Amino acid sequence: MFARRLASHALLSVVVLSFVVSLMLSAAIALAYTRSTEILLYKNYIKGYRNIQSAQEYFFSLQLQTPVNLTLDLYQTGDDSVQIRSCHWGLWEAAGFKSAVFGTRSIEKSMIYGCLPADKFKSALWMSQVSYGVGLTGSAHIKGDCYISEGGVRTDINVGGYASTISKHLEGNSYKCDPLTIVSTEQQQQYLNNLQQGNFNAVFTQPEMYADKISDTMYRSFSQPTLCIMLDAVKVNLASAHIKGNCILYSKQPLSIPASAKLEQVQIIAPTVFIEPGFTGSIHVLASDSIYVAENVVLQYPSSLVLNIQTFKVNGTNITIKNTAIVNGLIYSYQAVPDMQRSLIRIAERAGTTGIIYSNGLVELKGRHTGNITTAGFQYKNHEQTLTNVLPMGTMDFTALSKHFVVPDLLHKKSMYQTACWIEE
């Protein structure tokens, strides 16, 4: 009896031990499989990112001026294909890259790009339409070279109430430039007009316009068709919206951007755009009447404020940047039919802008600008007087602009493209 029990216990122990060993072997096999899968995924992701980098270098080498939608087999092996889609994005350009990784998994990366400042922008100031130069007094200060058609920079002027408060108003050289009119190319004007009229089929390849309600939170890669959201037909709560990437918010009515809105690289098109106090984000604004940037707004690089005026305006048009607001990128104003007042870019005394200011109208600079200003003239206005091409305050500093700062190719010169920023999925 005892022997039988001992045998049965031995058998049970063998069965249990075999089961445990089997479980351990299964776990080891599963772990090895999982580990090998993870290693394979890791290798494929590394290869995918390298393929995207190679595709970007190839894309820049093409120096294309028109949008593309193509798929490249980089090494002719059949498993290194990258999809490339590019499009105009405000006055910037954008592109998206998509690389397969494993099964249905893929990597998507998008970028905003442009070029390094061209010859015309290698200065603090460029004014090709003034006859008597620019006068500096008060606390006005320019750091960098100036190119002016006639008269140069004058620091010996006297303006009532604005005696010089600094010893040197200009740190740089003043050169004479050709008296050329600041113009926008016909192609650029047609492109901006199509955007303002909502004629997206003429601008984008396969644009997608949704008439249904969409989610307030979305990400859109530039490797996908541009998502055009018609705010007159689609209800979007901008106060709680978190929208990033290849999306356009289009309105035929004046539009306000609440401080609570989270917008990253989103393009906004409306006749008038009001950016409410406290908003922070990166946006590309296109308006036909006016753009107002309120106090404590921070527009991160690369952002742009574009005012494109095609019709005669009785009361003038303007871009206004209020005190404590910060704008990083491009401020652009072009008026095809100037009125008596001309378009005006106003930068308040405690506002800061970085990048390129480009206008065939006037600039009222009271704050600080890091970069280049290309304009037809300056205006300073207070309660008592209006000064033309005289700066009693305001600073321009081209020398402090980062060498990595990338600007839109406004001049349409052949130049090497550079990435302004990457947008991760």
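We did not get these values from a lab; they are worked out from the coordinates using the rules stated. Values in this document were obtained by computation on a predicted structure and should not be read as measured data. With ideal geometry, Cβ positions are generated from the backbone for all residues, glycine too; neighbour counts draw on all protein chains shown.
When the listed pairs Lys176/Lys322; Lys143/Lys381; Lys235/Lys262 are checked against a 28 Å cut-off, the alpha-carbon distance exceeds it for Lys176/Lys322.
Give, in nm to one decimal, the length gained when the segment between Glu295 and Thr386 is fully stretched (0.36 nm per residue of separation minus the Cα-Cα distance).
Answer, rounded to one decimal: 30.3 nm.
Rounded to the nearest angstrom and listed largest first, the equivalent-ellipsoid semi-axes of the stretch 53-172 from its Cα gyration tensor are 52, 14, 11.
Placing +1 on the Cβ of every Lys and Arg and -1 on the Cβ of every Asp and Glu, with nothing else charged, gives the stretch 57-199 a dipole about its Cα centre of roughly 360 debye. By its C-alpha gyration tensor, with a ≥ b ≥ c as the square roots of the eigenvalues, how is the stretch 320-400 shaped: rounded for a/c under 1.5, else prolate for a/b larger than b/c, else oblate? Cα axes put the stretch 320-400 in the oblate bin. Centre-to-centre, using Cα atoms only, the stretch 168-201 and the stretch 338-408 are separated by 14 Å. A protection proxy built from the mean count of other Cβ atoms within 10 Å ranks the segments 379-392, 268-281, most packed first, as 268-281, 379-392.
Extension gain, Arg105 to Thr419, is 110.5 nm, computed as 0.36 nm per intervening residue step minus the present C-alpha separation. Applied to the stretch 140-147, the Karplus parametrisation 6.51 cos²θ - 1.76 cosθ + 1.60 on θ = phi - 60° returns per-residue 3J(HN,Hα) values of 5, 8, 10, 10, x, 6, 10, 10 Hz, with x for Gly and Pro. Between Ser304 and Ile283, His284, Val285, Leu330, the built amide H atoms are under 5 Å apart, and every one of these is 5 or more places off in sequence or on another chain.
For the stretch 250-255, 3J(HN,Hα) computed residue by residue from phi via the Karplus equation (6.51, -1.76, 1.60; θ = phi - 60°) reads 10, 9, 8, 10, x, 10 Hz, glycine and proline entered as x. Taken about its Cα centre, the stretch 112-157 carries a charge dipole of about 120 debye when Lys and Arg each add +1 at the Cβ and Asp and Glu each add -1 at the Cβ.
Relative contact order for the stretch 129-231: 22 percent, from Cα pairs under 8 Å spaced at least 6 residues apart, divided by residue count.
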